[in-house]
1. Would you please list the contacts, defined by Cβ atoms under 9 Å and residues six or more apart or on different chains, that run from a residue in the range 146-166 that is outside any strand (DSSP E or B) to a residue that is exposed (fewer than 10 other Cβ atoms within 10 Å of the Cβ)?
2. When you scan the range 93-113, do you find a residue that is within 14 Å of the chain's Cα centre (by Cα), among the aliphatic types (A, V, I, L, M) and surrounded by fewer than 20 Cβ atoms within 10 Å (Cβ to Cβ), even just one?
3. Considering only the range 1-46, state which residues are surrounded by 12 or more Cβ atoms within 10 Å (Cβ to Cβ), farther than 20 Å from Asn131 by Cβ and of a type in the set (A, V, I, L, M).
4. For residues in the range 32-86 being among the acidic types (Asp, Glu) and in a strand (DSSP E or B), which is farthest from Phe3 (Cα to Cα)?
5. When you check Gln54 against the structure, is it polar (S, T, N, Q), within 19 Å of Ile137 (Cβ to Cβ) and either touching a strand residue (DSSP E or B) at 6+ places or on another chain (Cβ under 7 Å) or at pLDDT 95 or above (or both), yes or no?
6. Just the residues that are surrounded by 19 or more Cβ atoms within 10 Å (Cβ to Cβ) and of a type outside the set (A, V, I, L, M), please, taken from the range 114-142.
7. Exactly one condition in (1) closer than 16 Å to Gln32 by Cα; (2) at pLDDT below 95 is not met by His127; state its number.
8. Somewhere in the range 170-179, is a residue modelled with pLDDT of 55 or more and among the hydroxyl-bearing types (Ser, Thr, Tyr)?
Amino acid sequence: MIFTMSSDVAGTGRFSMRSFMDGREYDNNAYQLMSARYGNLTQSREVSFIKESQAGSLETDEIGYALAKIDIQDSIRFFGVSYTDLTRFRNDKDMIQEGIRTGAIVRTSMYRSQSLDMHLEGDSYRHLMNNYTAYNIDTRFVGSSNLHVITNSSEIFESYIGRIAIKRDLGSQMRLNDTVHDVGMLECCARLSTENTSGKLMISKRD
């Protein structure tokens, strides 16, 4: 499945937006909620969401993979009475959540994530996992901001109230490339197994 969207909005009044993209078995999702009252809004958005999985045979091996990619670019200007913005992004063990409350805001932001899980089974077992997360934001407003980030077994909390200018770049990547070779039974175990089957196994103890 491939989903893309671009939009431009401009006007005066009350506005609301809610979007949710979920990779489900990929554990890669994005949630955004925006509500604005009695003001002037100018916004442009570009959204791309790719989700696919496949399984099949490659000579004597069975191969399968699952992929989920999310790309969101957003630019917004609002001047009015009330503006609320909540974003929550999750990619495997990475989580980014940010909430903003203000009356006027100028902001550009970008979120990009990829979750890839691939395995190859046969004489040798190979497993490749690659999770990538990036979040950039440049904003100015008067109000409050709360940020919660979990990544690489680390946790970050930030809270601001007042006249605020924030420029933030977050990035995380996790790679796992695991190969297990099936070499069969060890030589000593194979010999003992053969002797035991023929009734010739002898065990002696030496001091």
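1. Correct list of pairs: empty, since none qualify.
2. Applying the first criterion (within 14 Å of the chain's Cα centre (by Cα)) to the range 93-113 yields 93-97, 110-113.
Then drop every residue that is not among the aliphatic types (A, V, I, L, M), which leaves 95-96, 110.
Subsequent filtering for residues that are surrounded by fewer than 20 Cβ atoms within 10 Å (Cβ to Cβ) retains 95, 110.
Yes, the range 93-113 contains at least one residue that is within 14 Å of the chain's Cα centre (by Cα), among the aliphatic types (A, V, I, L, M) and surrounded by fewer than 20 Cβ atoms within 10 Å (Cβ to Cβ).
3. Val9, Met17, Leu33, Met34, Ala36, Leu41
4. We begin by selecting, within the range 32-86, every residue among the acidic types (Asp, Glu); these are 46, 52, 59, 61-62, 71, 74, 85.
Keeping just the survivors that are in a strand (DSSP E or B) gives 46, 52, 61-62, 71, 74, 85.
Values: Glu46: 11, Glu52: 12, Asp61: 32, Glu62: 29, Asp71: 10, Asp74: 16, Asp85: 23 Å.
Per the stated criteria, the residue is Asp61.
5. Details: polar (S, T, N, Q): yes; within 19 Å of Ile137 (Cβ to Cβ): no; either touching a strand residue (DSSP E or B) at 6+ places or on another chain (Cβ under 7 Å) or at pLDDT 95 or above (or both): yes.
The answer is no for Gln54.
6. Across the range 114-142, the qualifying residues are Gln114, Ser115, Asp117, Asn131, Thr133, Tyr135, Thr139, Phe141.
7. (1)
8. yes
The values are calculated or read from the model by the stated rules, or taken from the named source; none is laboratory data. Computed from a prediction, not measured in an experiment: that's the story for all the values here. So basically every Cβ, Gly included, is an ideal-geometry build from the backbone, and we count neighbours across all protein chains shown.
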